[in-house]
Structures are given as structure tokens and as C-alpha cells.
Amino acid sequence: MSKELNEAFVKNPTKFASEMPVVPPGGQAGNGETKTYSDMPDNFMGVPGSVRIVAADLEKKGSYAELKLSYAAVEEKITAGWMAIYWLPWIANHSIRTTLRPRSETHPDQQPKTGNRAVVKLTQTNGYQANPNDPEIFFTAAVDGCMVVVDGSPSQPTVYHANRKDHLTETELGAKDDERVTQMIKDVGKFKADRLKTPRGPYVTPVPPMGVTANMYMPFEKKSEWRNTTALIPEKEKKTFRKDMGAIFGFRHESLWQFWYERLLRFDHCVWEIEEVEDDDQPGVRNKVGSWDYKGHGFHLCELNQFWPDGKGLVIS
């Protein structure tokens, strides 16, 4: 656990990410992390109130920071220095949404939430976030084909994480004409229209929905520029680029939310290692031999851009 990294990110998220890319987990949602609606198709899901806010910790991994989550023991984690964050998971071929509003123990009609919908407010603090029940940080799962859309008021936005992994199309993933995007826009539009969100509390004028697509964080037309290329410092360090992907986060500044995306390249990291080996032809003589030693993977930040409400997002009519 690194309270120092967590606090630094909360204090200035864009400065932190520009110097050390932040990579969230990419696994699909587990049991209890999403909910269905009785009046909606099963591929449209929400996030239960009890797990909209989780504990998160940044761990330095060489040149990048890995985001770790905890749904359990959230109070204890926060007390130990973890961040409280809003978290939005993903599931293949589904659209999932959450609204960034404070944790509440009651329904909009002020009736207590009971049973499996019961929510208990957090009471502990980490010393650098004012209110863990309304954190100023948002993350969603890492993206490599999904679309993330933000809609509503900058004081209380709704975020959608849409996926159409198995949509039949001959268009390339990350291309400008990717037909998966067209279908995901339809999905989000239907979700929004058929199950309207009712704002709670004070909110400012809504902003048109904008989204981040694969063409923005892993553009197909740029793959040939980096795929399997190598950044080399002879006899010192080698980075071979293998995969592109995106990471998306939001933060609240002066009561209003803004959302950013990172365009990332994952690489294999090797360093030049020297060892002494016995000379086959000259007994007792040892020669120095160098070879590349794999040290793990890393991430290179290509771009860091705001996409909502004042950025480069795809405007959705």
C-alpha cells in the first residue's frame, strides 16, 4: 500500500498520470458487482449502491502505477491510506452504468434501503479525502475495445461502460468506421431513454453526452507505427511494444466533474545482463557474456486528453 501515491493522485490526477501512467484492472465484473433491472433487457445493468464506492490503492510497478481494488473491508482499507473511489466495472456484450452521487442509506422518497439493497455509510477517513461517501475520484475498468460515455450534469454525471465484443462486423477494431461503436451508441441511447436517471440534490445544467471510443485510445491507423517495434538502448535496455489499450478516470474539481483518457502502449521490458561463463576452449578462463533478461511489462503513455465536458470526446446526439 502506498498512501503517498494515493494522496498525490487525489491532489492532482492529471499531473500524476502524465508522469506515471495509471493502469486499472481489466477483468470482468464478478458476482454481486452489478445488478439487472426488471424492466430492461439483461444486457443493460447498473451498479448496486453498496459497491459503487470501493477502496483503491496505487502500487508503483516500474514506470507505471497499477490500480488495485477492494470491495471488502473498505473502512479498514481507507483508514490504512487507500483511496475511496467510484468504480464502474464491465462485462462483455453489456452496457453498465453508474451515477456519481453520494452514498445514501435511503431511496429518493427517503425510505430506508433494506434487504440486499441496504447501504451503510462509511465513517472512516484516510486523512486526505474529505468525504469517502462522495469521493472525488472515478475509475472504470481498462478498455481495449469498449466505449465509455459520460452524460448529464457535471455536478452529478452518469457514466456508461459499453461493450459489443461479439458484434458481427468486418470493420477493424479501433477503425474510424468501427461498426461496434455504432451499436454501442444505440445501446447507450436506449438505456438512457428507457430508464431515465432522476438527479438528486443540487445540480448544474446538463452537458451533451460524449464518449471515448477505441479509435481514440487505440487507433487502428496507428498500429503499424508501433506494433512489435523496439526502443533500444544498446547493451542497456530494450522495450518491445506488444499491445495498445486505454485507461479512463474522472475527478471532481471545484464541485464539477471532468473525465480523461490515457492512450497506452504495453511493452515487454528487458535489460542487458552480463555474466561470466567458463571458456570451452581455455580451461580456467572466464569470459563476460551479455544477454537480454526479461524484467516484466510496462506501459508507455502516448496521450492524456480530457473528453468530457470540455474535451475531445465523441459527441453523441
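Nothing in this text is a laboratory measurement; each read-out follows from the coordinates by a stated rule. Remember, predicted model here, so these are calculated numbers, not experimental data. Cβ atoms come from the backbone with ideal geometry, glycine included; neighbour counts cover every protein chain shown.
With respect to the conditions (1) crowded, with 16+ Cβ neighbours inside 10 Å; (2) of a type in the set (A, V, I, L, M); (3) free of Cβ contacts under 8 Å to residues at least 60 places away in the same chain, residue 289 lacks only one, and its number is (1). Of the candidates 216, 210, the single residue that is of a type in the set (A, V, I, L, M) and either part of a helix (DSSP H, G or I) or closer than 15 Å to residue 145 by Cβ (or both) is 216. For the range 56-77, a residue qualifies if it is outside any strand (DSSP E or B) and either under 25 Å from residue 98 (Cα atoms) or in contact with an Asp or Glu (Cβ under 7 Å, 6 or more places away or on another chain) (or both), and the qualifying residues are 71, 72, 73, 74, 75, 76, 77. Filtering 312, 295, 222 for residues that are part of a strand (DSSP E or B) and surrounded by 13 or more Cβ atoms within 10 Å (Cβ to Cβ) leaves a single hit, 295.
To keep it simple, each residue is scored yes or no on (1) assigned to a loop (DSSP other than H, G, I, E, B); (2) out of contact with any helix residue (DSSP H, G or I) (no Cβ under 6 Å at 6 or more places or on another chain); (3) among the hydrophobic types (A, V, I, L, M, F, W, C).
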{"site": "6", "(1), (2), (3)": "no, yes, no"}
{"site": "10", "(1), (2), (3)": "no, yes, yes"}
{"site": "16", "(1), (2), (3)": "no, no, yes"}
{"site": "25", "(1), (2), (3)": "yes, yes, no"}
{"site": "29", "(1), (2), (3)": "yes, yes, yes"}
{"site": "32", "(1), (2), (3)": "yes, yes, no"}
{"site": "38", "(1), (2), (3)": "yes, yes, no"}
{"site": "41", "(1), (2), (3)": "yes, yes, no"}
{"site": "54", "(1), (2), (3)": "no, yes, yes"}
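The residues in the range 136-158 that are in contact with a helix residue (DSSP H, G or I) (Cβ under 6 Å, 6 or more places away or on another chain), over 21 Å from residue 199 (Cβ atoms) and buried (at least 24 other Cβ atoms within 10 Å of the Cβ) can be counted, and the count is 1.
Within the range 180-199, not a single residue is part of a loop (DSSP other than H, G, I, E, B) and small (Gly, Ala, Ser). Residues in the range 30-50 that are surrounded by fewer than 19 Cβ atoms within 10 Å (Cβ to Cβ) and hydrophobic (A, V, I, L, M, F, W, C): 40 only.
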